[in-house]
Every structure is written in C-alpha cells, then in structure tokens.
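Visitor: Below: one structure in structure tokens.
What follows is calculated from the coordinates using simple rules that are stated; it is not laboratory data. What you see is a predicted model, and the numbers here were worked out from it, not measured in a lab. Positions of Cβ are generated from backbone atoms using ideal geometry, with glycine treated the same way; all protein chains shown enter the neighbour counts.
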Ligand SMILES: NC(=O)c1ccc[n+]([C@@H]2O[C@H](COP(=O)([O-])OP(=O)(O)OC[C@H]3O[C@@H](n4cnc5c(N)ncnc54)[C@H](OP(=O)(O)O)[C@@H]3O)[C@@H](O)[C@H]2O)c1
C-alpha cells in the first residue's frame, strides 16, 4: 500500500492514478472526509491539531508526502508564511510520531521539496544537489521541510527528497493561471523575460516518485526538473504558439508584478538553472524533454 499524504491536490491526483495504473494499492491522507473509491482508501488528519488516523500510516509500505499549504495561492503575509512552513514540518512530524510510537518500518518515505531551496539566482550557474542552500523565505522553508524528513531517515527508513521545479500539467498547477490570458492572446513575458524556468511535466515527476519507491538505491535529495530548462521569454513564446499567435504586447513590467504579488514576485521574476544529472544517473529517463511537446500534451483539451 502506498500512502500519499496531501494526495488530493494537483500532483497527488496524477500520482495516485499512475500508481493505480502500475498495479499499486493507494491510500490518501486528507484534511477532508472522503468516501473510499474502488481504487483509493481515504484517511483523515488535522496537522494543526496533531490528529491523525494512525491506520493510514500503519497499513502503508511506503509513504509519499506532498502535504502543505499552497505556496503561490495567497500573498505572503507573516501569518501565511507561518502556515506554509508549519503545514509542511507539522505533517512530517505527525507521520514520524506514529512511526516512532509503533516502531513501524517503511520501505521508503519520499517527500516533496522544492528547487526554491537554492534561492533565486540571476546567474547562469547550474545548480546541483550539492550547491549552497539559500536563507531567503523559500530556501529556509525547504530546509526546514527536508530536516523534518531527515527525522524519518533517523528511524532507518530510506528517505528521498524530491526538489521539484515548476510543474506543468493539464488543467492545474501554474499553467492554469496562464491559460485564460494566453487564450485571449494577451500572454507576454514577465519582467525581463530572461529569468530561467526549470520546469517538469507532471507525468515525469510522478514517474520519479515511482522510481523512488522501486529503486532501493535512490536515497537523499534529487532535483526533479528537465535538463536545461528555458527562459521565461521562450516559455511564453511557445505557449503563445500553442494558442496560435506571436506575442505582441510588451513584457509585463517588473514593478507591476511586485505590486500585485509582494515578496512572492521573486518566484516569477527570478529563476534558477537546475541540473537533472543526479536523477538521470539512477537510470531515470524523462518522457517530456521538449517544451513544445510538453505544452501541447498539457493543453490538448485547451478549448
Ligand atoms: N506544483 C508545483 O509546481 C510544485 C513545485 C515545487 C514543489 N511542489 C510541492 O509539491 C507538493 C504537492 O504540490 P501540488 O501542486 O500538488 O500542491 P496542491 O495542489 O496545493 O496540493 C497539496 C495538498 O496538501 C494538502 N494540504 C494543504 N494544506 C494543508 C495543511 N494545512 N495541512 C495538511 N495538508 C494540507 C491538501 O490536501 P487536502 O486538502 O486533501 O488536505 C492539498 O491537496 C506541495 O508540497 C508543493 O509545495 C509543487
């Protein structure tokens, strides 16, 4: 049984389906009560109150942890920042407490993390898993998230941290926010447009999670991004092409994004070039390596 904590969201839905297609039994931990389906058993928890249906953890062979308040959903007030960090750290600590209490062993514990751990860089340096970690808000959040995951590795459980880039997929994620603008043929680059976007198709990301379950040699932190991402300008241009136009509006000015998004603007105004060498050296092969192909796949039902 593979338990996905936070498995009802964008990535979790794809991952649950792919696991089922691969013959796995799947369960999901959610804050909300949900009816079991033929394929998925649902369990409830409340991370803030420290309440969890322990059966979810006790029945699992491996746990994939995707839980956490959405990073880009709301403006980063102090309260929101605390919720982003605490929902992630608290979720893992709660799972840890059940594992420890029952001396329960798992084949693996695999947690989401983000390439935000390296901070936002304007340079062309290609970041690897050994690059220095940042002390800005996202860098700090990811480090606390990964340290919580390391608690579980202290229980002698193989622990994998998936440092995820910008995930593109059908009907959800950050593409969902861009589609209404590009559908009106108004989409255009943001800021200078030169910032790097290290993206990954949700299908490949879910395959990385499955590889992490199946390949005992996968252990520790791995970047999950496509080799040599792209710039925001090229990304916008290719997206415009899917919608049948050449970009014509000037770039969205930096100051407008800063006014609209506050501190969170850094996510779209700056970027990182991130290496995928480590995961590829495990034998993992990406399906979606070309941005145009990936975008067309995500938007095949666009109208
Ligand atoms: N999508 C990306 O581009 C991207 C990039 C880098 C990293 N990641 C990370 O990958 C993970 C999954 O991403 P996603 O895009 O699938 O996110 P998502 O759609 O926002 O799903 C996250 C899930 O976490 C659960 N959750 C939210 N707040 C919670 C809280 N306070 N306590 C416990 N559970 C809570 C929710 O499940 P319930 O409502 O059922 O409880 C939600 O479905 C996240 O941790 C995210 O930060 C995503």
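Visitor: Just to be sure I understand, how many residues within segment 273-285 are more than 16 Å from the chain's Cα centre (by Cα), crowded, with 17+ Cβ neighbours inside 10 Å and under 23 Å from residue 170 (Cβ atoms)?
Guide: 1
Visitor: For the condition crowded, with 16+ Cβ neighbours inside 10 Å, within 16 Å of residue 88 (Cβ to Cβ) and in contact with a helix residue (DSSP H, G or I) (Cβ under 8 Å, 6 or more places away or on another chain), what is the one hit in 6, 12?
Guide: Checking each option against the conditions leaves just 6.
Visitor: A further question on this structure: Taking the condition of being assigned to a loop (DSSP other than H, G, I, E, B), touching a helix residue (DSSP H, G or I) at 6+ places or on another chain (Cβ under 8 Å) and within 17 Å of residue 152 (Cα to Cα), how many residues in segment 51-69 meet it?
Guide: 2
Visitor: Within segment 272-300, how many residues are closer than 19 Å to residue 197 by Cα, out of contact with any helix residue (DSSP H, G or I) (no Cβ under 9 Å at 6 or more places or on another chain) and not in a helix (DSSP H, G or I)?
Guide: Qualifying residue count for the region: 4.
Visitor: Residues in segment 31-45 that are in contact with a helix residue (DSSP H, G or I) (Cβ under 9 Å, 6 or more places away or on another chain) and under 14 Å from residue 67 (Cα atoms): how many?
Guide: Residues meeting the conditions: 3.
Visitor: Separate question: Could you grab me the full set of residues in segment 42-57 that are surrounded by fewer than 14 Cβ atoms within 10 Å (Cβ to Cβ) and more than 14 Å from the ligand (Cβ to nearest atom)?
Guide: Across segment 42-57, the qualifying residue is only 55.
Visitor: It is to be established whether one or more residues within segment 209-229 are away from the ligand (no atom under 12 Å from the Cβ), under 21 Å from residue 300 (Cα atoms) and assigned to a helix (DSSP H, G or I).
Guide: The answer is no; no qualifying residue exists.
Visitor: Could I ask something else about it? If you take the residues of segment 234-255 that are out of contact with any strand residue (DSSP E or B) (no Cβ under 9 Å at 6 or more places or on another chain) and part of a helix (DSSP H, G or I), which of them is farthest from residue 199 (Cα to Cα)?
Guide: 255
Visitor: Name the residue that is farthest from residue 209 (Cα to Cα), counting only residues in segment 26-41 that are crowded, with 18+ Cβ neighbours inside 10 Å and within 9 Å of the ligand (Cβ to nearest atom).
Guide: The selected residue is 30.
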